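Undergrad: Let me give you the structure first, and then I'll get to my questions.
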Amino acid sequence: MDDELITERRSVAFPQVFGYLRHVTGGLARHAALVGCLTEYCRQHELTLCGVFTDRDAAVAVRSPAFVGLLDALELPETYGAVVPALSHLGPKRVAGERKRQITVSSARLIVVRSTTRRTTASVPSLGASADLQRLGDT
């Protein structure tokens with residue numbers, strides 16, 4: 001995804017999105033950091049984060065309760081899309097592929113906060129990680 005604000009290209013005010021997390025390990029602080037990551041991203045990109053659906057079960061099913069909730073929310077009028085911290089939150093490759101397909105079939109946009117591309121060492125701040133990842137917690 002490019003770094004432009006999406007509302008710069010669309011005549012909408014604060015599009016509504018829903019977050020999705022797969023949070024199997026870690027405690028409440030980790031979950032809060034992930035929600036904070038989504039919240040900050042949405043604030044920076046002029047999106048309204050309407051809710052966050054979280055799967056906590058280690059077993060991965062394509063149609064888990066939280067993911068079904070997300071799909072239901074994506075069908076609401078005025079919903080722009082789904083936001084995840086990283087593609088890994090959609091599950092293992094096979095499950096993630098099917099979940100991406102189901103999101104796009106709903107005419108919603110899938111927004112990934114952190115893409116899979118790595119920065120080169122020349123572009124990374126001297127502390128060794130991007131300022132956003134240090135502030136919001138690695139996902």
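Undergrad: Need one word for segment 64-110: rounded, prolate or oblate. Basis is the Cα gyration tensor (sqrt eigenvalues a ≥ b ≥ c); a/c below 1.5 gives rounded, then a/b vs b/c decides.
TA: Verdict is prolate for segment 64-110.
Undergrad: Could you give the length gained by full extension between Val24 and Arg101, i.e. 0.36 nm per residue of separation minus their alpha carbon distance, to one decimal place?
TA: Fully extending the segment from Val24 to Arg101 adds 25.4 nm.
Undergrad: Oh, and also: Calculate the spin-label point distance for Phe14 paired with Asp57, positioning each point 7 Å from the Cα along the beta-carbon direction, and give it in nanometres.
TA: 3.5
Undergrad: What spacing in nm lies between the two simple spin-label points modelled at Arg94 and Glu46, each 7 Å away from Cα in the Cβ direction?
TA: 4.3
Undergrad: By how many nm would the segment from Ala33 to Ala86 grow when fully extended, if each residue of separation counts as 0.36 nm and the alpha-carbon distance is taken off?
TA: 17.7 nm
Undergrad: Ok, one more. Express in Å², to the nearest 10, the accessible area of Glu46 obtained by rolling a 1.4 Å probe over the protein heavy atoms while all chains stay in place.
TA: 60
The values are calculated or read from the model by the stated rules, or taken from the named source; none is laboratory data. Bear in mind that the values here come from a model prediction, so they are computed numbers and not experimental data. So basically every Cβ, Gly included, is an ideal-geometry build from the backbone, and we count neighbours across all protein chains shown. The area values use the complete protein model at the heavy-atom level, side chains included, leaving out ligands, DNA and RNA. Shrake-Rupley method; radii C 1.70, N 1.55, O 1.52, S 1.80 Å.
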